[in-house]
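For reference, the structure is listed below as C-alpha cells.
We did not get these values from a lab; they are worked out from the coordinates using the rules stated. Values in this document were obtained by computation on a predicted structure and should not be read as measured data. Here the Cβ is made from the backbone with ideal geometry for all residues, glycine too, and neighbour counts use every protein chain on show.
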There are 2 protein chains.
Amino acid sequence: MPVDTDVIEHSSGGAELSGIVVTPDNVGLRERKKDATRRALAEHALELAQHRGFAGFTISELVADVGVSRRTFSNYFASKAECIVAVTDGWLDDVLDAIRQAPASASLLSVLQTGLLAVAQDGVERWGALHAIGAMEPELQACALAGDEIVVEMVSDEVARRSGLASDDIRVRLLAGFAVTAGREVFTRWATACQEPGHSASNADLGALLSAAFSIINPDVLTVARPAAPTDSLTT
Amino acid sequence: MPVDTDVIEHSSGGAELSGIVVTPDNVGLRERKKDATRRALAEHALELAQHRGFAGFTISELVADVGVSRRTFSNYFASKAECIVAVTDGWLDDVLDAIRQAPASASLLSVLQTGLLAVAQDGVERWGALHAIGAMEPELQACALAGDEIVVEMVSDEVARRSGLASDDIRVRLLAGFAVTAGREVFTRWATACQEPGHSASNADLGALLSAAFSIINPDVLTVARPAAPTDSLTT
DNA sequence: AGCAACTTTGCGCAATGAGCAATTAACTCG
DNA sequence: CGAGTTAATTGCTCATTGCGCAAAGTTGCT
C-alpha cells in the first residue's frame, strides 16, 4: 500500500520520457497509482525542502512520511533534486495544450505567450517555492534547467507545426528556447514580486512582463522567407 | 606533489565564484598550482569519459591517474559531472574579453556574435566531445546548463554596460540568455557537422550559423526607448 | 628563519544509486 | 470468477559518493 488509495479518484497515468510524463491518458488503476505515488513523493519533497532546506532531510525520511520503501524511491527518481523538480510535471502538458488550442489565426509569438500564461495559472505559486529553494542549491537548479530542455524540444515541434518549418530549423529551436527562457525569467520576477510586502501582483502584470520579454523577438522572422543563410546545409 | 610542478610555467590563477574561475590574474605559485590540478583533473576526466563513458570510471581511478588524493578531488569539485564540465572554464573569460575589446561603434548584436566566435576559436573541439558524452548523460547536461547560467549573468553585466540599461532589465537578461542559448545550439550543430563524413566545416559557416540564429532578434530593441511597459515596477 | 595563511591528505561515516530475486498487486482472457 | 501474465514494490546488499574534521605539508611575507 504505497499511498492512500482512497484519495486516488482519477488522476492521469502517462508514458514516460526521460522521467517526465508526456501523455497522461492511460486510465488503468495501476497507472493512476503510479502517478499518485510519484506526485506524493514530489509534493512532499518540496514541502520538506521548504521547511528544512534541501539538505535538511534525507530520502529515507521522505519515503517514511509518504509510505513507500526506500527502494521504490529510486524506481521513480534518480536523485532528491529530480524528485523535487517533478512537481512541475504537468506544466509541459499545460503549455502544449494551450498552444494547440490557440486559434490558427493567432500569431506565433502571441500563441507562445498564451502558453506561458497557461502555466502561470496554477504553476507560479509552486514555482516561487521551487525558485526559493533552488536559488542557492546548484543541484536543484541544474535539474530544473535540464527539465526545461525537454520542454524546448516539445515546444519546438509545436512551433514547427504552426510555422511550417522543420522542427530542427535553427530558428525554430531558438525561438522555442527563447520562449522557455523568457518564461523562466518572467516567473522568477513574478514570484519574487509576489513575496514582497506590497504584493500587488496581478495576472495583467504577468502579461505585461511577457510582452516586454517578447519585444526582443523580431516579429516577422518566421513568417518571412529564411534570412541570410549562406551555407544551406548547416542552417537547416 | 599534486601535479607535475615542472609543467607549470605560467597558467593563470583566479578567484572563484560558484566553482568557475572569474579573474585569472593572480600569479602566485600557489594559485598556479591550484589551477593546474584543477585543469589536470578536468582534462583527464574528459578523456576518461570519452573512452570509457561517463559511468565507466570512478573518481578514485581519476585521482589515481592525476596523482592527487581522493579527498582533494572533493575540494575542487562536488561531483564527477562538475569536474568534466570544468574543461569549459576559460570560455567565459574569452567571451567577456571579446565583448569588452569590441569597438564602441559596433552594434550590440554583432558584438555578442563576435564574443561567441571567440569561444569557438579553441573551444569547439572540446565542446564536441563534451556534447557527445553529455547527450545521453542527464547529470552532465544539467551541470553544463547550470554553468551557462553564470555566463548569462556575466554577459548581462556587459550588455548592460554597453546599452546603458540596468543589468537586471528584463530585456538585457533575456538578450544575454538568448545569446548563450544560441551559442549552445550553434556549437552543437557545428560539432556534429564536423564529425560527419564530408566535414567541410569552416569558420565562415560558423559565422553564417550565428547570423541565422541572431536573425530572430529584433535588431533595434535595446537601442530604442523601452517598449510597452504598463507596470513599471515589474518590468524593471 | 619564522610565523601566518592556505592546501592537501587520511580517516571515517552517513547517504546515495542501483542490481538482483522474491513478493505482491493489477490486468487479461477464457 | 479464477488462473495466468505482466508489472510494481520491497528487502538485501554493495560500491560509490560527498563531506566534516584534524593532522601534516606548502606557500607567502617579513
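Looking at segment A:75-104, I want the residues that are farther than 16 Å from A:Ala179 by Cα and have a partner that is of a type in the set (D, E, K, R) and buried (at least 20 other Cβ atoms within 10 Å of the Cβ) with Cβ atoms under 6 Å, at least 6 apart or on another chain. Which pairs are those?
That search, which allows pairs on different chains as well, returns A:Tyr76/A:Arg38; A:Ala81/A:Glu139.
Taking segment B:135-149 as the region of interest, how many residues are more than 10 Å from chain A (Cβ to nearest Cβ) and either buried (at least 24 other Cβ atoms within 10 Å of the Cβ) or in a helix (DSSP H, G or I) (or both)?
0
Do you know which residues across segment B:42-56 are more than 15 Å from DNA strand C (Cβ to nearest atom) and either within 14 Å of another protein chain (Cβ to nearest Cβ) or more than 12 Å from B:Ile133 (Cβ to Cβ) (or both)?
Of everything in segment B:42-56, just one residue is more than 15 Å from DNA strand C (Cβ to nearest atom) and either within 14 Å of another protein chain (Cβ to nearest Cβ) or more than 12 Å from B:Ile133 (Cβ to Cβ) (or both), namely B:Glu43.
Go through B:Leu112, B:Leu117, B:Leu96 for me and flag whichever is away from DNA strand C (no atom under 16 Å from the Cβ), within 14 Å of another protein chain (Cβ to nearest Cβ) and buried (at least 18 other Cβ atoms within 10 Å of the Cβ). Quick ask: steps written out before the conclusion?
Working: B:Leu117 fails: within 14 Å of another protein chain (Cβ to nearest Cβ); B:Leu96 fails: within 14 Å of another protein chain (Cβ to nearest Cβ).
Exactly one residue qualifies, and that residue is B:Leu112.
For segment B:163-181, enumerate the residues that are surrounded by fewer than 24 Cβ atoms within 10 Å (Cβ to Cβ), β-branched (Val, Ile, Thr) and touching a Lys or Arg at 6+ places or on another chain (Cβ under 8 Å).
None; the set is empty.
Only one of (1) away from DNA strand D (no atom under 16 Å from the Cβ); (2) more than 14 Å from chain B (Cβ to nearest Cβ); (3) out of contact with any strand residue (DSSP E or B) (no Cβ under 8 Å at 6 or more places or on another chain) fails for A:Asp65. Which number is that?
Result: A:Asp65 fails condition (1) only.
Give the residue, chosen from A:Met136, A:Met154, that is under 21 Å from B:Ala144 (Cα atoms) and either among the small types (Gly, Ala, Ser) or in contact (Cβ under 8 Å) with a residue 24 or more places away in the chain (or both).
Details: A:Met136 fails: either among the small types (Gly, Ala, Ser) or in contact (Cβ under 8 Å) with a residue 24 or more places away in the chain (or both).
Testing whether each residue is under 21 Å from B:Ala144 (Cα atoms) and either among the small types (Gly, Ala, Ser) or in contact (Cβ under 8 Å) with a residue 24 or more places away in the chain (or both) leaves just A:Met154.
Among (1) touching a residue at least 12 places away in the same chain (Cβ under 8 Å); (2) closer than 19 Å to A:Phe178 by Cβ, where does B:Leu130 come up short?
It is condition (2) that B:Leu130 fails.
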